[in-house]
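Here the structure comes first, spelled out in structure tokens, and everything after it is commentary.
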Amino acid sequence: MSKKYIRPVLRHLFLAALVFVWLIPILWLFVTSLSTYKGINTMHFFPTHWTLDNYHQLFFRPDTVANFPAWFRNSMVIGCCCCVISTFFVLMVSYAFSCMRFPGRKKLMSFSIILGMFPGVLSMIAIYFVMKLLGLTDSIGGLIIIYSAGSGLGFLICKGFFDTIPASLRESARLEGASELQIFTRVVIPLSKPMIVYTVINAFLTPWMDFVMAKLMIRSKEPSHWTVAMGLFNLVQRTLVGDYFTVFCAGGLIVAIPISVLFIIMQRFYVEGITGGAVKG
Amino acid sequence: MTGKIKNYFAGFAEAVRKGDRWTRSSLLLFGAGYIGRGQIIRGILVQLIQIGFIWFTFGFSAQYMMQLPTLGTVQREETFDPATLAKTVNDYDNSLLILLCGIIGIFFILAYILLFFQNTRRVYGLQKRAEAKEHINSFREDLHTLINEKFYLTLLSLPGLGVLLVNIFPILFMICVAFTNYDKRHQPPTYLFTWVGLENFKTLFTSSQTVTFGYAFIRILVWTMIWAFAATFTTFIGGILLAKFINDRRTRCQKLWRSLFVITIAIPQFVTLLLVGKMFGDYGIVNSICSKIGLTGFLKSIGLVGAGLSYIPFLSKPGWAHVMVILINIWVGVPFQMLSATGILMNIPNDQLEAARIDGASERQIFRKITMPYVLFITGPSLITAFIANINNFNVIYLLTSDYVSTNMKFANSNAKEPDLLITWLFNLTNNHSNFKMASVIGICVFLISAIGTLISFARLIKGNREEDFQ
């Protein structure tokens, strides 16, 4: 009797403890964003006085160092464009490597993997020079190119997934006269929704998270040209952190909204057993 | 391999020997061979490519390629003309531009040569078809092959172009920089830099009174390896176990639990990392809590915290910082791994699990014999990528240890600090100290380590023809 109840309770208590550890910093982020004291509160976990003013400042009082609405718009544009381009690139490359057989395929695959291992931080400087040559520094277009152009190299996980889609599905489509393009768009892509979700989320997150590349590319001192990551990172530099830490927290929370919405929309597609039962016999 | 190359050139020689006037004239004018066989549009397109190439080379890149051996000789000089009060700048050389455009120019010439051989062979193939009175594809049919047998060309061309632009050219450029003296004192456009051979590689392995790169390099390399292994291993195992735990039939409200963990992903990494960094700062909130509950005093009494400190140096002393970044990385990485493991766990073919269950396998046996091999097959390659990604894990280290100041002079001399990874070290070298030459050398080392490691494990995982196992 008691054993029957204790084990599930323990199981859920354990999970709850884990969740607690994982959520503490997020909770701190949240309560700090509601604090009246602008700097880092080092003595108390919860603020002594509560206010919504930080959000108000974030949205309606852009100043010379913080222009959140413009940052948000820039990052949104970059994120959406990258999302589309990267997802297409990854799916295309994965299909070519997983489902097609052509001369030099394995060599090309190994080459891409080796290429992907070259430290990105190092080639950053060189990318900056290449972009300068093309006249694309200080522009959102340049950032979109940088974030999405190389995305084809990240095909490994997606290819691993395509490898698990039964080849018989593709063969039967071919027997019924489908072209490779049709097999790609009508058979393989509908079957790989979880993978698309994964790729979309990754591609969308990159520009929201990256501040190094953005800082390097966008040299403009005018805050309205920055991305969210750049701007927020700037707010916690030593000279500003005392006056803007709570604003930084508020901004960090607001940034989470588009990303969470994306997760919620995409979670629908985590359907169980996508390939189960697709082929009979 | 050599046989293949021999065959390739034999085919080319045969094309030259036996080609008719159309084939031979396309040695000079690439499009001629297609136009002569009625493939007008294709011929024009190929011809346009050739013209474009010649225009690019002689109009743009040739001047830079000529200067590649010296990387420029004329230094920038400004002369002030008192009469007109204007500054005039001489026609100076920019080593940077010469190197970059020179590389691009050489790349295009190689591509041109390849196109030349390939084109001649293809045109000769057309000639043979025409002689045998076989069908020659119309332009429409050519396009049709691009979505069928040659669909891979369509798929790979655009991503390939992108990779060329943001990966291959920059990488070639930075590799070249490792053999030059491009640093603070040789910065274009004001100054020139030039080739120095293997000088920088020697510096990297020297430890002397003034040059401490050798000392710092070995220590940072070892720490990078420990970090990459620990970070990959802990998040991978943690993620799979957590996913398994949540997906278990006995767990209620699976979606809720999953979402709670996913919240941590929703907030960008740099925000959470900066935040956690501030929490664990020397005078941060964790420290004030620790001193309130007496933990600081306790750690002092057992000697884990130095006597002169009034706080726990979570992220500011060697040892402490090393352990903390690994722990914080678990916090960052496990939800991600949990999410991708969930997707994979859900996709395990159900019939296999059911068959095992009917045969009387226990849950543990199923996990070990079916779930793990399946998960490993799918995530195996990504595990290697994760390891490589951790060697290059810039964000965690950079954001958490930005306030760290090294007290070890040998580290400080080479602009490094103890919890640095090779990658953050080289970032500091380029960004704050403009030491591009040493950064490139370190970058090449990172690359070699990653490449060798990957090739060894990748060969075992992929080459063993297991691709079709699950198809």
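A few points about this structure:
- Distance between region B:119-163 and region B:1-54 - C-alpha centres, whole angstrom: 13 Å
- Residue exposure sequence - B:C253, A:C81 - by fewest surrounding Cβ within 10 Å: B:C253, A:C81
- Histogrammed with a bin width of 10 Å, the alpha carbon distances of region B:34-95 distribute as 18, 23, 21, 17, 12, 7, 2 percent, first bin at zero.
- Between region B:216-283 and region B:187-209, the Cα center-to-center distance that results, in Å: 39 Å
- Label point at B:E149 placed 7 Å out along Cα→Cβ; residues across region A:156-179 whose backbone nitrogen lies under 16 Å: A:179
- Separation of the A:R105 and B:S310 label points, Cα + 7 Å toward Cβ, nm: 6.8 nm
- Spin-label model distance (nm) - A:S220 vs A:R238, 7 Å beyond Cα toward Cβ: 2.9 nm
- Overall Cα dimensions of chain A, principal axis frame, Å, largest first: 75, 70, 31
- Stokes-Einstein translational diffusion, region A:31-138 - Kirkwood Rh over all Cα pairs, 0.692 mPa s, 37 °C, in µm²/s: 171 µm²/s
- Summing Cβ point charges (Lys, Arg +1; Asp, Glu -1) relative to the Cα centre of chain A gives a dipole of roughly 820 debye.
- Whole-Å semi-axes of region B:284-349's equivalent ellipsoid (Cα gyration tensor): 37, 12, 9
- Checking the Cα-Cα distances for A:K106/B:K128; A:K106/B:K150; A:K132/B:K202 against a 26 Å cut-off, the pairs over it are A:K106/B:K128; A:K132/B:K202.
- Estimated inter-spin distance, B:V16 and A:L13, nm [label 7 Å along Cα→Cβ]: 8.4 nm
- For the pair B:V196 and A:M43, a Förster radius of 56 Å applied to the C-beta separation gives a FRET efficiency near 0.55, rounded to the nearest 0.05.
- With only the Cα atoms considered, chain B has a convex hull volume of 276 Å³ per residue.
- nm² value of the averaged projected area, convex hull over the Cα atoms of region B:2-197: 16.6 nm²
- Structural descriptor for chain B: relative contact order 16 percent, calculated from alpha carbon pairs under 8 angstrom and at least 6 residues apart.
- Straight-distance crosslink candidates among lysines, where the alpha carbon sits under 17 Å from B:K255 and sequence neighbours closer than 8 are dropped: B:K244
- Debye, to nearest 20: dipole size of chain B, +1 on Lys, Arg Cβ, -1 on Asp, Glu Cβ: 940 debye
- Pair-distance distribution of region B:1-62: all C-alpha pairs, bin width 10 Å, starting at 0; shares per bin in whole percent are 22, 34, 33, 11.
- B:S207 long-range amide H proximity, modeled H, under 5 Å: B:G214
- Mean Kyte hydropathy of -0.5 or more with a Cα span along the axis of at least 15 Å, helices from DSSP in chain A: A:2-32, A:68-99, A:105-116, A:120-133, A:193-209, A:241-267
- Legend: Rg and Dmax of the protein assembly as shown, from Cα coordinates, 29.2, 103 Å.
- Estimated vicinal HN-Hα couplings, Hz - region B:396-408 in sequence order (Karplus 6.51, -1.76, 1.60; Gly, Pro = x): 4, 5, 5, 6, 7, 10, 5, 8, 6, 10, 6, 9, 7
- Span-rule helices in chain B, defined as complete DSSP H runs reaching 30 Å or more along the axis (Cα) with Kyte mean at least 0.5: B:95-131, B:213-247, B:320-346, B:436-462
- Summary value for chain A: 31 percent relative contact order, contacts being C-alpha pairs under 8 angstrom separated by 6+ residues.
- GNM remark for chain A: springs join alpha carbons under 10 Å apart, and the peak mean-square fluctuation among A:V197, A:V228, A:V130 falls on A:V130.
Coordinate-derived values only; no laboratory data. Please read these numbers as outputs of a predicted model, since none were measured by experiment. With ideal geometry, Cβ positions are generated from the backbone for all residues, glycine too; neighbour counts draw on all protein chains shown.
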